[in-house]
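S.K.: This is the structure, below, for whatever I ask next.
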Amino acid sequence: MDSKLLEQVVSVLAISNNTVVVTGAGISTEAGIPDFRGEKGIYRTMGEDRVMSIINISTFQRDPKRFYEFYRQVFDFPSVEPSLAHKVLADMEKKGRVKAVVTQNIDGLHEKAGSKNVIAVHGNADRFVCTRRRCGKYYSSNQVREMKETVPECPECGGILKPDVVLFGEPIQGYIDARERIMAARVLVVIGSSLTVYPLAGFVKEFSTFYQDLIIINKGPTYMDHAALVKIEVGDSSTGEILQEIDRRLG
Ligand code: NAD
């Protein structure tokens, strides 16, 4: 941990009355969920194009069996608990140091850790929704796990259930809310995102065009490192410990 960089982050956060945090898959690797682009990520093992061709809205509509055979292997997180990083962020929100979290993750770990003000732009894998318009009933992932068929069906009307997550080819959830939150921030802290996934990466870019105080905490490079006031390279240390140290120094 570079003490000087941490001190710089602390001095910026200490005078901010509106700190917003943007998180990506990297914040959940310390909870045991692999990211897509990291060493063990499925983009490396399977190839990005192949992954995108399956977790895609048109594959879901045309061939839900193919979709679910893959989806159930990759996005079922029954017993995952929040990491230290999720917990520190929830605690910082309680203390009024973080106003909101805008996340690309679908694992629900920010909410599980106790964060209240969370905008999950890619939805939540814990919920499933019936695709029949007139039904639209919601089910929990626990209920769906108990359904034996590969493609889960609504017990009420027989419609196919869809995970309540944003698939490739679908618009993100809370677009306006997420953009407004980010653009209204005094300090924006990006954690565990390569900033390649749009439109969220675009919001961060827009923020950095107008304001100075962008902080990035990530393992490896991101597309906005050049624009950051401070970039903290996580390297072999942990994001949880870095956030804990920042919170401790804030007093
Ligand atoms: P991404 O673009 O957000 O990249 C993840 C970044 O985090 C990478 O740069 C990686 O090097 C970094 N990272 C890994 N471990 C880290 C750590 N301990 N601390 C800090 N940084 C760390 O995300 P992606 O992997 O390219 O996935 C693309 C999209 O797929 C995501 O935006 C998300 O919607 C979805 N996804 C969600 C989950 C989840 O919900 N947990 C997991 C995988 C993918």
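S.K.: May I ask you to list the residues in region 221-251 that are in a helix (DSSP H, G or I), open to solvent by 70 Å² or more (accessible area, probe 1.4 Å) and over 28 Å from Lys95 (Cα atoms)?
M.R.: His226
S.K.: Of everything in region 173-184, what is in contact (Cβ under 8 Å) with a residue 40 or more places away in the chain and surrounded by fewer than 18 Cβ atoms within 10 Å (Cβ to Cβ)? Give them in sequence order. Even if it seems obvious, please write down each step before you answer.
M.R.: Start the filter on region 173-184 by keeping residues that are in contact (Cβ under 8 Å) with a residue 40 or more places away in the chain, which leaves 173-175, 177-178, 181-182, 184.
Listed by number, the residues that qualify are Gln173, Gly174, Tyr175, Asp177, Ala184.
S.K.: Here is a follow-up. Output the residue which, of all residues in region 186-219 that are open to solvent by 20 Å² or more (accessible area, probe 1.4 Å) and within 7 Å of the ligand (Cβ to nearest atom), is nearest to His86 (Cα to Cα).
M.R.: Of everything passing the filter in region 186-219, Lys219 is nearest to His86 (Cα to Cα).
S.K.: Further, regarding this structure: Please verify whether Ala90 is open to solvent by less than 20 Å² (accessible area, probe 1.4 Å), of a type outside the set (Val, Ile, Thr) and within 11 Å of the ligand (Cβ to nearest atom), treating the condition exactly as stated.
M.R.: Numbers: open to solvent by less than 20 Å² (accessible area, probe 1.4 Å): yes; of a type outside the set (Val, Ile, Thr): yes; within 11 Å of the ligand (Cβ to nearest atom): no.
Answer is no for this residue.
S.K.: Report every pair of residues separated by at least 6 positions or lying on different chains whose Cβ atoms are under 7 Å apart, first residue within region 13-34 and under 16 Å from Asn124 (Cα atoms), second of a type in the set (Phe, Trp, Tyr) and within 9 Å of the ligand (Cβ to nearest atom).
M.R.: If the second residue must be of a type in the set (Phe, Trp, Tyr) and within 9 Å of the ligand (Cβ to nearest atom), the pairs left are Ala25/Phe36; Ile33/Phe77.
S.K.: Could you tell me whether any residue of region 143-163 is within 14 Å of the ligand (Cβ to nearest atom), at negative phi and either of a type in the set (Phe, Trp, Tyr) or touching a strand residue (DSSP E or B) at 6+ places or on another chain (Cβ under 9 Å) (or both)?
M.R.: Step one: list which residues in region 143-163 are within 14 Å of the ligand (Cβ to nearest atom), which gives 163.
Imposing the further condition that a residue be at negative phi reduces the set to 163.
Checking the rest, the ones that are also either of a type in the set (Phe, Trp, Tyr) or touching a strand residue (DSSP E or B) at 6+ places or on another chain (Cβ under 9 Å) (or both) come to 163.
For region 143-163, residues within 14 Å of the ligand (Cβ to nearest atom), at negative phi and either of a type in the set (Phe, Trp, Tyr) or touching a strand residue (DSSP E or B) at 6+ places or on another chain (Cβ under 9 Å) (or both): present.
S.K.: In addition: Would you point out the residue of region 50-82, among those that are of a type in the set (S, T, N, Q) and either touching a Ser or Thr at 6+ places or on another chain (Cβ under 7 Å) or open to solvent by 40 Å² or more (accessible area, probe 1.4 Å) (or both), that is farthest from the ligand (Cβ to nearest atom)?
M.R.: Quick first cut of region 50-82, residues of a type in the set (S, T, N, Q) only: 53, 56, 58-59, 61, 73, 79.
Next, from what is left, pick out any that are either touching a Ser or Thr at 6+ places or on another chain (Cβ under 7 Å) or open to solvent by 40 Å² or more (accessible area, probe 1.4 Å) (or both): 53, 58-59, 61, 73, 79.
Numbers: Ser53: 15, Ser58: 18, Thr59: 16, Gln61: 20, Gln73: 13, Ser79: 14 Å.
Only one residue fits best here, namely Gln61.
S.K.: Here is a further query. Considering (1) over 19 Å from the mean Cα position of the chain (by Cα); (2) at pLDDT below 95, say which one Gly220 fails and leave the rest.
M.R.: Gly220 satisfies every listed condition except (1).
S.K.: Name the one entry in Val98, Val121 that is more than 16 Å from the ligand (Cβ to nearest atom) and open to solvent by less than 30 Å² (accessible area, probe 1.4 Å).
M.R.: Values: Val121 fails: more than 16 Å from the ligand (Cβ to nearest atom).
None of the other options fit; the residue is Val98.
S.K.: Being near the ligand (Cβ under 9 Å from one of its atoms), surrounded by fewer than 16 Cβ atoms within 10 Å (Cβ to Cβ) and not in a helix (DSSP H, G or I) is the filter here; which residues of region 1-49 pass it?
M.R.: Glu39
The values are calculated or read from the model by the stated rules, or taken from the named source; none is laboratory data. All of these numbers come straight from a predicted model, not from anything done at the bench. Note: ideal-geometry Cβ built from the backbone for every residue, glycine included; neighbour counts use all protein chains shown. Side chains are part of the model used for accessible areas, which takes the heavy atoms of the whole protein and leaves out ligands, DNA and RNA. Shrake-Rupley method; radii C 1.70, N 1.55, O 1.52, S 1.80 Å.
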